Amino acid sequence: MSDDKANIPDAALQMREAHFPGRAPIDAYGNGGFRFADMSHVGSLICLPSGIYGWNVDESTELSVDMFSKVLEEVAELEVFLLGTGQDIRMMPKELKEALRSNQVSSDPMSTGAAVRTYNVLLAESRAVGAAFIAV
């Protein structure tokens, strides 16, 4: 192969938002990412009935309701929402908690490890669960 990157024009290369179109248990977490569906993802995740999405949030990010727009788009499909806040438990934005409650969705912030384990149990029970996991 030549040094011209196989003559692929830069305009032909597109970076897409990370998305897995389905539901899958989280097989492992740590080292800044997650394993699920025989794949690895570096960074945080949002898991919803429509799929698993990359989420540009880390433990230093101040959480705000607008970071959860994808969750609120699918709120009618949820009965439980889990927020894995990293190593330490942090409060969920008040506006998010209120929006979920007004749609009869129970929600809990917890460490990412606890949230992953709870998510997997609820998913195995075929519950309408969504989650956001901050990578640890």
Residue ID - farthest from Gly130 (Cα to Cα), chosen from residues in region 25-41 that are touching a residue at least 60 places away in the same chain (Cβ under 8 Å) and out of contact with any Gly (no Cβ under 8 Å at 6 or more places or on another chain):
Gly30
Whichever residue in region 1-55 is assigned to a loop (DSSP other than H, G, I, E, B) and touching a Cys at 6+ places or on another chain (Cβ under 9 Å) and, among such residues, is modelled with the lowest pLDDT
Arg23
In region 40-68, how many are over 18 Å from Phe20 (Cα atoms) and polar (S, T, N, Q)?
3
Does Arg90 satisfy the condition of being in a loop (DSSP other than H, G, I, E, B), of a type in the set (Lys, Arg) and out of contact with any helix residue (DSSP H, G or I) (no Cβ under 9 Å at 6 or more places or on another chain)?
yes
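Is it the case, given these coordinates, that Leu96 is buried (at least 16 other Cβ atoms within 10 Å of the Cβ), under 13 Å from Phe133 (Cα atoms) and modelled with pLDDT of 95 or more? Walk me through it before giving the result.
Numbers: buried (at least 16 other Cβ atoms within 10 Å of the Cβ): yes; under 13 Å from Phe133 (Cα atoms): no; modelled with pLDDT of 95 or more: yes.
Here the answer is no, as Leu96 does not meet what is asked.
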Of the listed residues (Ala128, Ala115, Ala135), the one being surrounded by 13 or more Cβ atoms within 10 Å (Cβ to Cβ), of a type in the set (A, V, I, L, M, F, W, C), in contact with a strand residue (DSSP E or B) (Cβ under 9 Å, 6 or more places away or on another chain) and closer than 13 Å to Pro49 by Cα is Ala128
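The values are calculated or read from the model by the stated rules, or taken from the named source; none is laboratory data. Keep in mind that this is a model prediction, so the values were computed, not measured. We place every Cβ from the backbone using ideal geometry, glycine too, and count neighbours over all the protein chains shown.
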